[in-house]
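The values are calculated or read from the model by the stated rules, or taken from the named source; none is laboratory data. What you see is a predicted model; the values in this text were computed from it and never measured. In this analysis, Cβ positions are derived from the backbone assuming ideal geometry, glycine residues included, and neighbour counts consider all displayed protein chains. Ligands, DNA and RNA are stripped out before the accessible areas are found, and what is left, the full protein with its side chains, is counted by its heavy atoms. Shrake-Rupley method; radii C 1.70, N 1.55, O 1.52, S 1.80 Å.
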Amino acid sequence: MLSKNINFKNFQLKKNNKKIKEDLKKLLKEKSTILNSLSTKYKNSYSKKNILNLKNYKNIRVIGMGGSILGTEAIFDFLRPKIKKNFKFINNLESNTIFKAKNNKSLNLIVSKSGNTLETISNSNIFIKKNDKNIFITEKKESYLYTLAKKLKAEIIHHNNFIGGRFSVLSEVGMIPAELMGLEPKKFKQLDQLIKNKNFLDTLVLNVSSILNLLKNKKHNSIIINYDPMSENLFAWYQQLVAESLGKKGK
């Protein structure tokens, strides 16, 4: 029970949602390429055959940074009881990510849209071993990781250039790991159903409006209080989505 001396009061926000609603309707009408990646209509740049050939690997590392890995890690945490494979997520210089496999064979998924992400490059050089199978998800253009993939004769899966890393979880970036977890990618793609739900759209517009109003009033601190350990990576991903989307140009 809460003490009587503690009061919670929401910020009084002016309702200024008309412009945001108009922008959202325009995006939906124009069939935005980014929004398309959230629906079942999105065509992946890999085939089911690619995945079937990889399903024998029990030990899988995902090497990435920020949006290239946070969404995938959130999926894994939420659905861990359903997943029978050993997944490791490498986005910093950890020392406890060596697999103890009998045949010492692992599958590495290296994810970087630009192919030049410094942290991902560093970890790739540290963790990729001679007998590993390597899949690089990156743009098919000259970059450090693209060059490394060709040197290793690894498979390269195209990271669409119109999808920013932080919005990429329902594209190849998150759905290849999801398939290797034994999950069904189509079940994640709920956009077509969600946009039919008026309450969902109203809540979405309200959330965007709230963030913009708080920023306008110079309230820049966002405090996330989480009581569910399985949600930790979901909120880390949310934090990155908001901060990177709004933190450009010195903001």
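Descriptive notes on the structure:
- The single condition among (1) at pLDDT 85 or above; (2) open to solvent by 60 Å² or more (accessible area, probe 1.4 Å) that VAL205 does not meet is (2).
- Residue in the range 221-243 that is aromatic (Phe, Trp, Tyr), modelled with pLDDT of 80 or more, within 24 Å of SER168 (Cβ to Cβ) and touching a helix residue (DSSP H, G or I) at 6+ places or on another chain (Cβ under 7 Å) present: yes
- Any chance GLY174 is exposed (fewer than 14 other Cβ atoms within 10 Å of the Cβ) and either touching a helix residue (DSSP H, G or I) at 6+ places or on another chain (Cβ under 7 Å) or outside any helix (DSSP H, G or I) (or both): no
- Among the residues of the range 205-251, those identified as under 24 Å from ASN17 (Cβ atoms) and among the charged types (D, E, K, R) are LYS216, LYS218, LYS219, GLU244, LYS248, LYS251.
- Unique match (being open to solvent by 30 Å² or more (accessible area, probe 1.4 Å), more than 19 Å from ILE128 (Cβ to Cβ) and in contact (Cβ under 8 Å) with a residue 60 or more places away in the chain) among LEU38, LEU52: LEU38
- Of everything in the range 105-158 that is part of a loop (DSSP other than H, G, I, E, B) and either touching a residue at least 40 places away in the same chain (Cβ under 8 Å) or among the hydrophobic types (A, V, I, L, M, F, W, C) (or both), the residue that is surrounded by the most Cβ atoms within 10 Å (Cβ to Cβ) is SER112.
- Leading residue by the ranking (nearest to SER68 (Cα to Cα)) among those in the range 218-244 that are open to solvent by 100 Å² or more (accessible area, probe 1.4 Å) and of a type outside the set (Ser, Thr, Tyr): GLN239
- Taking the range 30-77 as the range and being of a type in the set (A, V, I, L, M, F, W, C), within 28 Å of ILE126 (Cβ to Cβ), in contact with a Leu (Cβ under 8 Å, 6 or more places away or on another chain) and not in a loop (DSSP other than H, G, I, E, B) as the test, the residues that pass are ILE51, ILE60, VAL62, ILE63, ALA74, ILE75.
- The lone exception for LYS84 - which of (1) modelled with pLDDT of 90 or more; (2) in a helix (DSSP H, G or I); (3) loosely packed, with under 11 Cβ neighbours inside 10 Å it fails: (2)
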